[in-house]
Each structure stands twice: as structure tokens, then as C-alpha cells.
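Have a look at the structure below, then the notes.
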Amino acid sequence: MAIVAVILAFVLVAVDDATGIKRVPGLSQIEPSGARALLSTIAAASITVTAVLFSITMVILSTVSNQFGPRLILSFMKHNTTQLILGGFIGTFIYCLLVLNHVRDDSMAFPVPQIALGFGLVLGTLSCVLLIYFIHSVSRFIQADRLIEEVASETISVFNRVFPIPTEDSQADNSEDDRFVLPDSFRDGAKGVVVSNGGYIDSIDINRIVGIATEQGLVVHLLHRPGVFVFGKQVLATVLPPEAVTDDISERIRSSFLVRGQRTSMQDPEFTVDRLVEMSIRALSPGINDPFTAINCIDRLGAGLSFLSTRRAPSWLYRDGNAQLRVIAQPYTYAGIVNAAFNQIRQAARTNCAVTIRLLEVIDRLAQLDLPDPYRMALNRQAQLIYHGGLDTFLQSGDAPDLEERYDRVMHSLAGGNL
């Protein structure tokens, strides 16, 4: 937006010089002294408000980081609204500064670029609108419910991207994956492809690796999945036959892994789950002590896991056009995502009866859905851990009957009954 402001300033001044317009319709002709005062006022106000907005933004980021977790800062900074408002004020300042430089002396034929000046007035008016909108957007962003809703929506979006196949698609049956056993040759004689620099695996171009393996007649076993942190010189994949793996092929496979210093949700469904979990755990901390926010996070996690129940776990065995196995990946499983959603909250909420009960209620509602057996087994394990972990606290507080009731309902639902 700053670059656009520079271009607009020079273009509109050139148009003024070329057309020789002495008065813009709807605006009175302004003398050079008045034009200088007007442009100076707009520029000074714009840069002053920009400084204030940056200060407010830093306060917001500090508050969000302390209360909800530093990972939510990225959500705020990538908002188009934030970029539009800050860019608008900076662009207005630069535009007025450049046009001010072209206001000429009284002796010149056209001392004031009227079109450029009129557009400066428009930018000044729009800046007032941006200021009002900034206050509105900030007041909405810092609300806990709004933040949780945004992260929950991103969670469902990532689930939809990583698990694209609905459960009713009978053609995508991958039951053979569960029976697959990795050959001993991968452990004994496969050649390893190591990472150059450590970091988080952001994404893996599976199709590219399948193409390389098909072209060279290889079978590649990926040892890690997106979201995993790898050390420098750690093995990313093993390849058979080892004698066919040249340095060029190793580099091509290595370049199919995008390794960065920061974890993202590009191909990592557990990352957005972890963000909701982090918000919940921080809400349960003694310094904040906000169980209602934790309960809201649990509800949103339940909604995401409910959506996940409608998606089929993708196959982690990739074949070429001749049905020849080429790539063996590390799969995302229902159990892994369920554990990521409940483990840390369950551990942090052992002394909080309300949050523990809500965990069991969410599991009960999930258990009433049509779930694959691995999904149901993962929920069963979590329900038992929640029940036994919070039993001592519930006995001391006198809430044990409520815990027993919720746990019995969960077990009944997991067994296929309906209450």
C-alpha cells in the first residue's frame, strides 16, 4: 500500500500538470499556502495515528500472548483487516508528503495540483473510517469466544484438507493398510536420506516423491510426518534398493520436505488442535483461572472431532499406476488426534470438576456418532483416564455421583447404546 501511494502521488501530479485543471468540481480552488497547510495536517495526523495504532497493536499482542498463547499472534498479524488499516495510514502519510513536495510558488501558472490535492482529502477522510473500523475489529478480536471460534474454524478446515475423503466413499477402502508389515530390508539395508538443517517439517510433497520412486524404481519409507521436529543430519527417509540411490536422487527426495523454523498447520492437523488445547490449559492456570474459556475450547474440540468422524483416514501406502508400492508414509490416526485433543487438558483439569465433567460429556456425544472402531477405542481410553484421574478430587468435593453418572453414560454410548 505504501508503494501504491508513491505511484498514485506521481501519477496524479503528472495528470495535473498535463491537464492544467485549476479547480476540481465540488472543491473550491485552494491557494498554495492553504494546500500546504492541508496536506501537512493530514500527513502529521496520519503518522501520529499510525504510531498510536502500532502501540495499541503491541499491547494487544502482549495481552493475547500472555492470556491465550503466543501462537495466536500469527492469527492477528495475518488478518487482512490489520494490514489494511496500518497500510492505509502509512500510505496516506507518504502520499501527502510527496504531493506536498509538488505544491509550487504563487508565481507559477498552476501552483497547486488540484486533482492530487482532492485525492489527498479523500484519503484523509478514509483514514477516519479506518480508525473507527480498527477500534471495532480490535474489540472483537480480543474476545475469548471470538478467538476460540476462529481457531476452531481453522481446525475443521485443516481436517478437511488432510482428511479429504468422506466416510461414505466406499471406493476409498484402505483396510489393507492395517495389515501392512514393513519389510525387514528397510531396517537392515535401506539407504537413508538426511535433512540438511533441523526444524519442523512443514509439508511433504508426496506426489513428487512417488514420481521420483516410480521413475527410478525405488521404494521410499518416510520416517516422519508434517509437524515433527527433526534435528540436523537426522534421517528423513530410507530408500530401497540402496545401490540405486545417487546423490542427485537423495537431494531430490530431500527437497520434497519443506523444513522451517516454525510449525504451521499446512499439513499438520494436530497443530490447530494444540492451539485450542493451549488456550484451554492457560485458562485453567492459577493466574487466569477461567474454566468457562476452557469449557468453550473443549466444546470446539468436540465439534472438530465430530467433523473428523465424517472423514476417512487417508491411506499411507502410495502406489504407482501399476499398483506397485512406492512410498510408505507415516499416517495420521484417529487415536493420535484424539489423544492430542484430550491428554493435556485431562491432566490439567484433574482438580476442576466442571471441566472434567465437560470432557466426559463431549466424549459421550462423540460416542453416539457412527465411529470407526479405532476412533471408538481412543475415546474409550480417554474416558477411563479422565474417570480414574479425577476420582480422588470428586470424592473430596462430594461430586463423585456426578462423575459416576457421566462415566456410565459414556460407557453405555461407547458400547453402542442410546440414553
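Numbers below:
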| read-out | value |
| --- | --- |
| Per-region count, region 127-141, residues open to solvent by less than 90 Å² (accessible area, probe 1.4 Å) and not aromatic (Phe, Trp, Tyr) | 8 |
| Checklist (1) touching a residue at least 12 places away in the same chain (Cβ under 8 Å); (2) within 17 Å of Gln344 (Cβ to Cβ) applied to Gly261, failing item | (2) |
| Long-range neighbours under 6 Å by Cβ, at least six apart or interchain, first residue under 30 Å from Ser265 (Cα atoms) within region 183-204, second open to solvent by 30 Å² or more (accessible area, probe 1.4 Å) and basic (Lys, Arg) | Val193/Arg254; Val194/Lys233; Gly199/Arg260; Tyr200/Arg260; Tyr200/Arg263; Asp202/Arg260 |
| Any hit, region 392-414, residues being charged (D, E, K, R) and farther than 13 Å from Leu360 by Cβ | yes |
| Met377 being in contact (Cβ under 8 Å) with a residue 40 or more places away in the chain, surrounded by fewer than 19 Cβ atoms within 10 Å (Cβ to Cβ) and more than 30 Å from Gly287 (Cβ to Cβ) | yes |
| Failed item, numbered, when Ser157 is tested on (1) within 26 Å of Ala313 (Cβ to Cβ); (2) not in a helix (DSSP H, G or I) | (2) |
| Candidates Phe186, Phe229, filtered to the one that is modelled with pLDDT of 90 or more and open to solvent by 10 Å² or more (accessible area, probe 1.4 Å) | Phe229 |
| Cβ-Cβ under 6 Å pairs, at least 6 apart or on other chains, region 37-64 side without any contact (Cβ under 8 Å) to a residue 40 or more places away in the chain, far side among the hydrophobic types (A, V, I, L, M, F, W, C) | Leu61/Ile73 |
| Residue among Gln382, Gln396 that alone is of a type in the set (S, T, N, Q) and either outside any helix (DSSP H, G or I) or at pLDDT 90 or above (or both) | Gln382 |
| Among (1) surrounded by 14 or more Cβ atoms within 10 Å (Cβ to Cβ); (2) without any contact (Cβ under 8 Å) to a residue 24 or more places away in the chain - the single one Glu270 does not satisfy | (2) |
| Residue match in region 84-104 (condition: modelled with pLDDT of 80 or more, in a helix (DSSP H, G or I) and among the polar types (S, T, N, Q)) | yes |
| Residues of region 105-143 classified as in contact with a helix residue (DSSP H, G or I) (Cβ under 8 Å, 6 or more places away or on another chain), part of a helix (DSSP H, G or I) and under 30 Å from Val64 (Cα atoms), total | 10 |
| Residues located in region 123-156, provided they are over 26 Å from Arg282 (Cβ atoms) and of a type in the set (S, T, N, Q) | Thr125, Ser127 |
| Selection from region 204-216 of residues that are open to solvent by less than 40 Å² (accessible area, probe 1.4 Å) and either touching a Lys or Arg at 6+ places or on another chain (Cβ under 7 Å) or of a type in the set (Gly, Ala, Ser) (or both) | Val210, Gly211, Ile212, Ala213 |
| Test: Arg146 is in a helix (DSSP H, G or I), among the charged types (D, E, K, R), at pLDDT below 90 and open to solvent by less than 80 Å² (accessible area, probe 1.4 Å) | yes |
| Selected residue (criterion: nearest to the chain's Cα centre (by Cα)) from residues of region 319-335 that are modelled with pLDDT under 90 and buried (at least 17 other Cβ atoms within 10 Å of the Cβ) | Tyr332 |
| Tally, over region 336-346, of residues that are in contact with a Leu (Cβ under 9 Å, 6 or more places away or on another chain) and open to solvent by 10 Å² or more (accessible area, probe 1.4 Å) | 2 |
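The values are calculated or read from the model by the stated rules, or taken from the named source; none is laboratory data. Quantities reported herein were computed from a predicted structural model and do not represent experimental measurements. Don't worry about glycine lacking a Cβ; one is built from the backbone with ideal geometry, like all the others, and counts go over all protein chains shown. To get the accessible areas, we keep the full protein, side chains included, count just its heavy atoms, and leave off ligands, DNA and RNA. Shrake-Rupley method; radii C 1.70, N 1.55, O 1.52, S 1.80 Å.
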